[in-house]
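This report refers to the structure that appears directly beneath it.
The values are calculated or read from the model by the stated rules, or taken from the named source; none is laboratory data. Here the structure is a predicted model, which is why all the values come from computation and not from measurement. Reconstructed Cβ throughout: ideal geometry from the backbone, glycine too, with neighbour counts over all protein chains shown.
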Amino acid sequence: MTPTRVYICGMGIVSSLGQGIAKTKDALQKGLTGIRPLTLFSTAPNLPLPVGEVAGLIEKDALPRTHQLALLSAEQAMAECEIAPDAVVLGVTTGGMLTTESHLKKKAYDTKLYRYHATGSVAEDIARRYQCKGPALTVSTACSSGAVAIKIALHMLRSGIVTRVLAGGADSLCRLTYYGFDALQLIDPVGARPLDKNRRGMSVGEGSAMLLLVANEPENAVAEVLGAGISCDAHHPVRPHPRGRGALAAMQAAIKDAGITAADIDYVNLHGTGTLDNDLSEANAINSLFPQKKPLLSSVKGAFGHSLAAAGAVEAVISAISITDHMVPANTGCSHPDPDLKLAPVIEPSNRTIDTVLSNSFGFGGNNAAVVISACDKYGSAGIPIAKGPFAILGSACVTGVGRTKRTIENISFGKTCKGRLPIQDMSANLSAGDVRRLKRFPRMALSLAIAAHDNSGGIDRPSSVFLGTGWGALSETFDFLTRLYETGEQFPSPTDFVGSVHNAAGSQIAIQFHSSGPNITMTGGNYSFEQSLMVADLLSQDINESLFVIGADESHTPLSRLFDRSVSGDADLSDGGGAFCLKRGQGALGLYLNLVSYENAANNPEVILSLIRRLGGPHNINSRYGALLAGIPAAFRGDGERQLQNFLSISGYKNPVIDYRKITGEFASASAVAAVMAAKFMETGIIPGPLLSGNALHLNHRGTLIIGLGDFVTAMEVTPQ
Amino acid sequence: MEKLLNELKVKIVEILNLVDVQPDDLKEDDQLVGGNLGIDSIDVLEMVIMIEKDYGIRIDTRELGAKVFATLRTLAKYIYENSPELSN
């Protein structure tokens with residue numbers, strides 16, 4: 001594989017400072033601020049707090065605001081490009097939340113109203129509009145999501161599986177984040193003053209930014225993405241590590257990945273939220289990284305507000321602008337730099353030659369990311385190629401409606417279903433009640449699964465990284481937060497529920513439990529979230545020598561599951577569960593391997609099944625390699641999914657048993673994680689039990705199991721022996 | 001004051017979901033945050049909301065919070081002296 005250079009060939013931005021690159025440049029040059037009192041929704045009886053709200057958004061159709069923000073920046077980034085991107089990778093945390101909140105407040109329970117609630121629906125909408133046939137991935141690592149999306153896109157391009165990726169982030173303001181950050185006392189009542197000695201907190205914002213990243217084609221490029229690094233503090237659900245341990249690790253990893261040294265950095269675009277803890281933690285990390293001469297530094301969050309999942313992408317665009325326009329944006333809001341921080345931020349916009357920028361984005365749960373952007377071809381080095389491939393399975397565990405791993409596998413072996421919803425005490429029987437007193441159903445499920453998978457691996461390796469997929473995240477916390485918010489006249493929301501509602505809170509709990517300071521990434525791609533987390537683990541694992549977790553989990557919730565998940569709405573009884581793997585590159589004692597083989601968009605893609613068959617090595621290979629096929633057809637896609645399956649079976653001539661696994665697990669977004677664990681457990685014995693096949697037991701005879709996901713995406717994972 | 005102390009013990013155990021802790025296990029003069037009960041900064045914020053909701057008192061700076069939440073007794077005293085609800 002040849003080294004890859006990744007160029008930014010198109011950019012789009014929508015923020016409180018305006019829409020488009022030109023307006024943004026103008027506002028940055030003039031040192032304007034977009035922070036003003038909120039107008040988007042009523043906060044009566046309280047006065048609105050200052051926020052970074054996008055003004056003049058003309059609503060085009062019924063799509064939620066986040067989707068519209070995303071579309072606006074995508075249109076700008078794709079304006080000069082007629083070729084469909086091979087993948088879309090977006091950071092999104094609020095998705096359709098603003099719309100959902102309004103309907104929930106009115107207790108309007110028509111499922112159609114919630115169709116675009118899912119964070120993943122933003123990337124899917126963009127992918128559909130731009131005829132993207134590849135993956136549409138959604139990262140939800142709180143405030144680092146946009147930067148993590150760029151890191152994932154960078155590795156996709158370096159791996160050679162794609163040549164053009166639309167990457168970025170989008171989040172709209174909503175009550176959940178507005179009141180949630182306020183409940184945590186993290187809002188500055190006069191507007192964010194990052195790095196100022198009188199700072200009191202952040203200003204929540206909204207926006208979107210997109211970068212069209214292209215491999216090895218410098219034509220029309222504005223800048224180059226040289227590298228990116230990610231880390232996890234593994235310290236606290238909300239507060240950053242006081243010495244900036246994880247922030248420093250992410251910056252060092254980004255610089256190493258870029259093939260440069262800290263001395264090459266001309267400007268650091270700080271995360272700089274304006275909270276007491278973030279700015280101190282980040283300053284400590286900066287002072288460690290640059291012990292003597294410091295580059296120019298500024299945070300733009302006093303001008304833009306903090307657009308959460310969009311921020312990393314917004315600031316990547318600003319970093320590129322600082323290079324193309326020889327300009328360092330001001331640290332707006334800071335008039336008296338805090339002497340304790342020992343930093344000298346750029347107070348006024350200044351014209352300087354900037355070739356290399358380090359842009360920081362740190363999120364709740366200690367999810368840190370840093371991106372290095374440079375002038376095109378400034379450095380001789382090019383990105384290290386990424387080698388992908390199967391993971392050795394060290395251990396696995398699952399939970400379903402009937403019980404934890406042993407009980408689930410027993411039930412399935414007797415041909416029974418494992419639908420339903422396990423009582424929370426049984427589900428988290430391996431957790432100490434005191435330790436998890438603040439965790440509700442979803443984080444308990446994820447943590448319990450991680451511990452069980454680790455135990456099953458023999459518990460020798462300590463996984464350093466966590467890749468968690470969830471279709472819907474912490475529904476209980478989200479619902480409870482909004483319910484109490486509304487019941488108390490929008491006065492007294494629960495800070496604990498807000499912390500728990502964040503999609504990556506569960507991943508953060510796992511990191512704290514296992515001291516996992518490597519990448520900690522939560523993917524929220526609907527029914528394909530587990531596959532997304534496996535894909536990202538695969539892409540990023542080159543940097544990881546230790547074992548890692550790949551987990552898929554979803555809780556069921558009344559009323560939210562039926563409102564949000566169209567596959568669930570028709571089911572009489574709710575089901576939930578998940579599966580977890582402890583994986584490692586190289587060899588494992590079990591002699592079993594888990595691998596993601598294919599992930600394609602079925603929309604705009606009539607050849608998706610042919611393509612799947614090609615990726616699986618053709619009909620002969622499929623028949624000889626896989627002793628059984630587990631097919632996942634979400635109920636909402638029953639018709640299409642069954643047609644896709646028939647198409648697959650007839651073209652491939654596949655004759656071995658096919659198991660329609662959602663009929664066993666019940667309907668929930670991460671059912672494929674349970675299917676993968678099921679496959680691994682059967683392969684440990686080499687036999688698929690007869691009752692499951694309504695016939696004789698099947699001896700796998702060293703053949704593998706294929707797990708395909710059908711519906712609006714078509715995915716394939718395999719569990720194979722050595 | 002005694003009544004307020006007992007009331008707070010019950011509320012704190014309930015809102016913080018303190019497992020296996022009885023209201024009487026909370027001692028008036030023990031360190032409230034960071035002590036044996038495992039109460040941390042997120043719990044403090046949950047208590048802040050409860051105090052504002054039930055007693056009409058806003059504790060919105062970290063300095064004040066550190067003083068007020070030192071022990072259960074300092075908390076009760078602060079509420080007792082500042083609550084418009086209790087003075088009515």
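Within region A:95-147, the set of residues being assigned to a strand (DSSP E or B) and either among the aliphatic types (A, V, I, L, M) or at positive phi (or both) comprises A:Ala136, A:Leu137, A:Val139. Quick one: would you say A:Ser448 is over 20 Å from A:Val536 (Cα atoms), polar (S, T, N, Q), in contact (Cβ under 8 Å) with a residue 60 or more places away in the chain and in a helix (DSSP H, G or I)? No: the conditions fail for A:Ser448. Look at A:Gln491 and say whether it is touching a residue at least 40 places away in the same chain (Cβ under 8 Å), within 12 Å of chain B (Cβ to nearest Cβ) and surrounded by fewer than 24 Cβ atoms within 10 Å (Cβ to Cβ). Yes; evaluated as a whole, the condition is true for this residue.
Among the listed residues A:Thr66, A:Thr93, identify the single one that is surrounded by 23 or more Cβ atoms within 10 Å (Cβ to Cβ) and touching a His at 6+ places or on another chain (Cβ under 7 Å). Quick ask: steps written out before the conclusion?
Numbers: A:Thr66 fails: touching a His at 6+ places or on another chain (Cβ under 7 Å).
Within the list A:Thr66, A:Thr93, the selection yields A:Thr93.
Consider region A:412-457 and keep the residues that are within 14 Å of chain B (Cβ to nearest Cβ) and of a type in the set (Ser, Thr, Tyr). The one that is surrounded by the fewest Cβ atoms within 10 Å (Cβ to Cβ) is A:Ser432.
From the list B:Asp43, B:Asp60, which one is under 20 Å from A:Val238 (Cα atoms), buried (at least 19 other Cβ atoms within 10 Å of the Cβ) and without any contact (Cβ under 8 Å) to a residue 60 or more places away in the chain? Give the derivation first.
Values: B:Asp60 fails: buried (at least 19 other Cβ atoms within 10 Å of the Cβ).
From the options B:Asp43, B:Asp60, the qualifying one is B:Asp43.
Determine if region A:559-573 includes at least one residue that is in contact with a strand residue (DSSP E or B) (Cβ under 7 Å, 6 or more places away or on another chain) and buried (at least 21 other Cβ atoms within 10 Å of the Cβ). No, the conditions are met nowhere in region A:559-573. For region B:3-88, the helices (runs of 4 or more DSSP H) that sit wholly inside it and include 1 or more residues that are out of contact with any Cys (no Cβ under 8 Å at 6 or more places or on another chain) and away from chain A (no Cβ under 14 Å) are B:62-68, B:72-82, B:84-87.
Highlighted here are the helices (runs of 4 or more DSSP H) found entirely within region A:551-650 that include at least 2 residues which are hydrophobic (A, V, I, L, M, F, W, C): A:560-564, A:608-615.
For every residue, the table says whether it meets (1) of a type in the set (D, E, K, R); (2) at pLDDT 95 or above.
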residue	(1), (2)
A:Gly305	no, yes
A:Ile323	no, yes
A:Arg352	yes, yes
A:Ser361	no, yes
A:Ile386	no, no
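Annotation for region A:662-680: at least one member residue is closer than 18 Å to A:Glu555 by Cα and aromatic (Phe, Trp, Tyr).
Among the residues examined, A:Ala74 does not qualify as of a type in the set (Gly, Ala, Ser), closer than 17 Å to A:Ser529 by Cα, touching a residue at least 60 places away in the same chain (Cβ under 8 Å) and not in a loop (DSSP other than H, G, I, E, B). Scanning region A:465-483 for any residue that is within 14 Å of chain B (Cβ to nearest Cβ), acidic (Asp, Glu) and either more than 24 Å from the chain's Cα centre (by Cα) or under 25 Å from A:Val122 (Cβ atoms) (or both) turns up at least one such residue. Of all the residues that make up region A:169-189, how many are more than 14 Å from chain B (Cβ to nearest Cβ) and either on the phi > 0 side of the Ramachandran plot or of a type in the set (S, T, N, Q) (or both)? The qualifying residues number 2. One residue alone among A:Gly507, A:Gly500 is more than 13 Å from every other protein chain (Cβ to nearest Cβ), part of a helix (DSSP H, G or I) and touching a residue at least 40 places away in the same chain (Cβ under 8 Å), and that residue is A:Gly507. Summed over region A:73-90, the residues that are crowded, with 24+ Cβ neighbours inside 10 Å and not polar (S, T, N, Q) give a count of 7. Output yes when any residue across region A:199-207 is at positive phi, within 14 Å of chain B (Cβ to nearest Cβ), surrounded by 24 or more Cβ atoms within 10 Å (Cβ to Cβ) and not hydroxyl-bearing (Ser, Thr, Tyr), and no when none is. Yes.
Residues in region A:664-722 that are under 23 Å from A:Arg614 (Cα atoms) and either acidic (Asp, Glu) or free of Cβ contacts under 8 Å to residues at least 12 places away in the same chain (or both): A:Asp712, A:Glu718. Is one or more of the residues making up region A:152-166 more than 12 Å from the chain's Cα centre (by Cα), assigned to a strand (DSSP E or B) and not basic (Lys, Arg)? Yes, there is a match, as at least one residue in region A:152-166 is more than 12 Å from the chain's Cα centre (by Cα), assigned to a strand (DSSP E or B) and not basic (Lys, Arg).
Looking only at region A:287-331, count how many residues are of a type in the set (S, T, N, Q) and in a loop (DSSP other than H, G, I, E, B). If you could, list the steps in order and put the result at the bottom.
First pass over region A:287-331, keeping only residues of a type in the set (S, T, N, Q): A:287-288, A:292, A:298-299, A:307, A:319, A:322, A:324, A:331.
In the following step, the residues that additionally are in a loop (DSSP other than H, G, I, E, B) were identified as A:292, A:299, A:307, A:331.
The total comes to 4.
With respect to A:Ser517, is the statement that it is more than 14 Å from chain B (Cβ to nearest Cβ), farther than 23 Å from A:Pro390 by Cβ and in contact with a strand residue (DSSP E or B) (Cβ under 8 Å, 6 or more places away or on another chain) true? In short, yes. Among the residues of region A:540-564, the ones that are farther than 17 Å from A:Ser457 by Cβ, hydrophobic (A, V, I, L, M, F, W, C) and either more than 18 Å from the chain's Cα centre (by Cα) or at pLDDT 95 or above (or both) come to 4 in all. Search region A:230-285 for residues being of a type in the set (Val, Ile, Thr) and out of contact with any helix residue (DSSP H, G or I) (no Cβ under 8 Å at 6 or more places or on another chain), and hand back the single one that is farthest from A:Ser144 (Cα to Cα). Checking each candidate, the answer is A:Ile260.
Filter region A:398-445 for residues that are part of a loop (DSSP other than H, G, I, E, B) and out of contact with any Gly (no Cβ under 9 Å at 6 or more places or on another chain) and give the result.
Looking only at region A:398-445, we keep the residues that are part of a loop (DSSP other than H, G, I, E, B), and these are A:401-402, A:414-423, A:428-440.
Correct list: A:Phe414, A:Lys416, A:Pro423, A:Ser428, A:Ala429, A:Asn430, A:Leu431, A:Ser432, A:Ala433, A:Val436.
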